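The values are calculated or read from the model by the stated rules, or taken from the named source; none is laboratory data. Bear in mind the structure is a predicted one, so any value in this text is a computation, not a measurement. Neighbour counts are summed over all protein chains in view; Cβ atoms, including those assigned to glycine, are modelled from backbone coordinates with ideal geometry. Quick note on the areas: whole protein, heavy atoms, side chains included, nothing else; ligands and nucleic acids left out. Shrake-Rupley method; radii C 1.70, N 1.55, O 1.52, S 1.80 Å.
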Number of protein chains: 2
Amino acid sequence: MNSCSAFAPASVANVGPGFDVFGFALEGAGDTVTARRSDQPGVRLLKIEGDGGRLPVGADNIVCVVAAAMLRAANPGFGIELFLFKGLPLGSGLGSSSASAVAAAAAVNGLLVGAFDNKQLLEFAREGERAACGAAHADNVAASLYGGFTMVAGEPPEVSVLKVPASWHAAVVHPHLELPTKKARAVISPAVSLANHTATLAAAARLVAGIAGGDLAMVGRSVMGDRVATPARAGLIPHYEQVVAAALQKGAAGASISGAGPSIFALTEGLEGAKVIADAMASVWRARGIECDIIVSRMGAPGARLAAEVPHANPLTALLRPLHQDLSAR
Amino acid sequence: MNSCSAFAPASVANVGPGFDVFGFALEGAGDTVTARRSDQPGVRLLKIEGDGGRLPVGADNIVCVVAAAMLRAANPGFGIELFLFKGLPLGSGLGSSSASAVAAAAAVNGLLVGAFDNKQLLEFAREGERAACGAAHADNVAASLYGGFTMVAGEPPEVSVLKVPASWHAAVVHPHLELPTKKARAVISPAVSLANHTATLAAAARLVAGIAGGDLAMVGRSVMGDRVATPARAGLIPHYEQVVAAALQKGAAGASISGAGPSIFALTEGLEGAKVIADAMASVWRARGIECDIIVSRMGAPGARLAAEVPHANPLTALLRPLHQDLSAR
């Protein structure tokens with residue numbers, strides 16, 4: 001194989017009380033990486049599309065960090081050239097850096113004929129996260145790699161995946177306001193009161209029980225039960241309270257910040273309801289002159305996959321296919 | 001009805017990471033309360049058995065606190081006389097005060113012909129907990145009242161009950177060392193580091209996922225993942241590390257402090273294995289001159305029930321029945 005492309009989906013991390021622990025994958029949005037064999041040793045990023053020229057093309061790009069770590073570990077006797085197609089906005093709370101890291105890990109692993117298992121790919125992708133935001137947190141990376149609803153625990157992280165009822169949907173709205181993850185992490189107090197710890201842990205436990213038991217109402221209430229990260233971060237997101245209220249008014253079971261924000265997600269039963277909720281949420285921002293993107297998705301979509309498996313519905317596929325064929329034909 | 005008796009089981013609270021949140025009921029050990037109608041208004045505790053004369057017989061006894069609150073709420077036009085049969089040692093970490101409070105609530109409710117539902121009974125029983133230890137925590141009370149594996153969240157607490165696979169068993173060993181709950185609460189720092197919060201929350205989430213998914217190994221690892229209460233409390237329990245090590249060596253999936261201690265529980269598959277583990281744990285203390293009681297039980301036994309439903313296997317039944325008949329015959 002001379003080249004391999006992989007798609008990794010956007011994801012919602014934290015999911016209310018599960019700061020640095022919970023995540024779930026979205027469908028219909030994500031990043032794609034093509035990895036190509038090269039006789040020159042080392043890693044080079046040849047092109048980035050979709051970032052508006054904002055990402056570095058050098059060795060400090062997240063995809064280069066991931067690919068270089070994998071090359072060092074596998075030592076395959078060839079170098080790698082990379083192409084990155086950003087389908088996700090930066091600093092959006094949609095797991096943009098994780099999607100790039102996971103797509104790179106999956107594409108390079110394809111080129112190495114599956115040399116690494118998912119556990120190892122998670123570690124490589126986390127190296128990318130560390131380069132992007134200073135902390136190798138695994139919540140977005142796990143969700144984007146494995147799909148479903150994921151929980152990470154321990155160091156190195158062990159991932160558990162829960163299946164989410166197929167009818168549960170997420171309405172995710174991304175306002176065009178950038179909130180760097182580093183800034184959103186800095187507002188969280190390094191010390192949690194015992195009462196807030198206990199209340200947040202209880203919400204997280206009930207969120208998991210609700211997914212396992214198919215109780216969306218309990219999951220929704222639990223999503224709103226975080227007392228550690230959400231209260232501090234909500235203040236960084238203009239009109240947060242109004243957007244959440246709009247979602248609940250349209251019947252959402254619960255709503256909270258997606259990842260580090262500023263995107264906000266809401267949960268509900270059924271695709272149609274999710275669209276109505278997403279529109280109501282977006283209207284709050286739009287009425288105040290803030291543009292928005294909407295993602296409506298199953299809660300806990302499939303995780304990363306090689307390009308052949310990328311669904312046609314994905315707008316990136318059209319972009320990817322010709323290039324992929326072109327590369328393969330060389 | 002002139003009199004009514006109820007049994008409430010012992011329980012394991014916290015269950016590792018779930019400080020003030022998780023609990024599960026044990027079988028074969030608990031407290032029993034008989035409530036009898038009286039023409040005199042108010043509440044009187046006529047007799048306590050099994051406490052070695054250590055509990056107060058006045059209005060500040062936990063069962064009086066609970067019964068008085070219920071009388072005030074129901075205003076039935078009669079008073080109540082109470083008899084308390086302690087089947088559980090005090091300050092043991094087995095939910096002794098909760099079992100008394102729940103048994104009182106259930107017995108008085110029987111006398112009031114089921115005037116209150118479980119949610120209300122939980123609140124009355126918590127008033128007893130507040131009188132006993134200064135904090136109306138609901139973890140033991142919920143487990144003893146509802147049975148199964150319970151999670152409490154919010155104020156007033158909402159209880160979720162998870163069914164535990166029938167083959168999962170707990171080995172619980174109670175060393176004859178008293179550790180007052182107040183003292184065991186005082187050693188827990190009022191501030192939790194963000195890293196410890198996250199790690200403990202992840203363990204709690206995985207513990208719930210493990211119960212829901214029938215993965216005892218994951219539950220066992222998660223039980224050992226607490227970084228908030230257990231590390232501080234372990235130092236109050238002589239030979240804690242050795243007792244846990246003995247349980248793991250005999251194949252326990254995990255072990256930790258039961259409630260506020262000093263009892264220690266371990267989890268395993270099957271009753272026979274639990275007996276072996278309990279013996280190994282007790283041997284550590286016994287070899288050092290500390291006497292022990294052993295409880296071997298399903299993890300998540302049934303909760304409180306009226307006396308007619310108390311199983312014959314319970315040693316308290318023999319004590320209870322004649323008295324109950326005697327009272328009824330008056």
* Structure fact -> Scanning segment A:15-30 for residues that are open to solvent by less than 10 Å² (accessible area, probe 1.4 Å) and within 16 Å of A:Val173 (Cα to Cα) gives A:Val15, A:Gly16, A:Phe24, A:Ala25, A:Leu26, A:Gly30
* Filtered residue count, segment B:213-240, keeping only those that are within 11 Å of another protein chain (Cβ to nearest Cβ), in contact with a helix residue (DSSP H, G or I) (Cβ under 9 Å, 6 or more places away or on another chain) and either acidic (Asp, Glu) or over 20 Å from B:Ser189 (Cα atoms) (or both) -> 6
* Asked: Among the candidates B:Val15, B:Val33, B:Val43, which residue alone is of a type in the set (Val, Ile, Thr), within 14 Å of chain A (Cβ to nearest Cβ) and in contact with a helix residue (DSSP H, G or I) (Cβ under 7 Å, 6 or more places away or on another chain)?
  -> B:Val15
* Structure fact -> A:Ala246 passes all but one of the listed conditions (1) of a type in the set (A, V, I, L, M, F, W, C); (2) under 25 Å from A:Val284 (Cα atoms); (3) facing another protein chain (nearest Cβ under 10 Å); the exception is number (3)
* Kindly provide the set of residues from segment A:274-293 that are open to solvent by 30 Å² or more (accessible area, probe 1.4 Å) and farther than 25 Å from A:Val33 by Cβ, ordered by number. => A:Lys275, A:Val276, A:Asp279, A:Ser283, A:Arg286, A:Ala287, A:Arg288, A:Gly289, A:Glu291
* Structure fact -> Reported set for segment A:228-250 where residues are without any contact (Cβ under 8 Å) to a residue 40 or more places away in the chain and either under 19 Å from B:Ala204 (Cα atoms) or assigned to a loop (DSSP other than H, G, I, E, B) (or both) is A:Lys250
* Can you find even one residue in segment B:164-186 that is charged (D, E, K, R) and farther than 28 Å from B:Arg130 by Cα? -> no
* Structure fact -> Scanning segment B:38-55 residue by residue, the ones that are under 20 Å from the mean Cα position of the chain (by Cα) and open to solvent by less than 70 Å² (accessible area, probe 1.4 Å) total 5
* A:Val208 buried (at least 20 other Cβ atoms within 10 Å of the Cβ) and more than 10 Å from chain B (Cβ to nearest Cβ) -> no
* Among the residues listed as A:Lys163, A:Lys183, the single one being of a type in the set (Lys, Arg) and within 14 Å of another protein chain (Cβ to nearest Cβ) -> A:Lys163
* Which members of segment B:125-162 meet the condition of being at pLDDT 95 or above and open to solvent by 30 Å² or more (accessible area, probe 1.4 Å)? -> B:Tyr146, B:Val159, B:Val161
* To do: Give B:Val223, B:Val284, B:Val219 a once-over and let me know the one that is closer than 25 Å to B:Cys133 by Cα and touching a residue at least 24 places away in the same chain (Cβ under 8 Å).
  => B:Val223
* To do: Please tell me if A:Ala166 is open to solvent by 40 Å² or more (accessible area, probe 1.4 Å) and free of Cβ contacts under 8 Å to residues at least 40 places away in the same chain.
  => no
* In this structure, does B:Ser96 turn out to be touching a strand residue (DSSP E or B) at 6+ places or on another chain (Cβ under 9 Å), within 25 Å of B:Pro156 (Cα to Cα) and in contact (Cβ under 8 Å) with a residue 40 or more places away in the chain? -> yes
* Please indicate, with yes or no, whether at least one residue in segment A:181-199 is touching a residue at least 40 places away in the same chain (Cβ under 8 Å) and either within 20 Å of B:Asp20 (Cβ to Cβ) or outside the structural domain of A:Glu269 (by TED's automatic domain parsing) (or both). => no
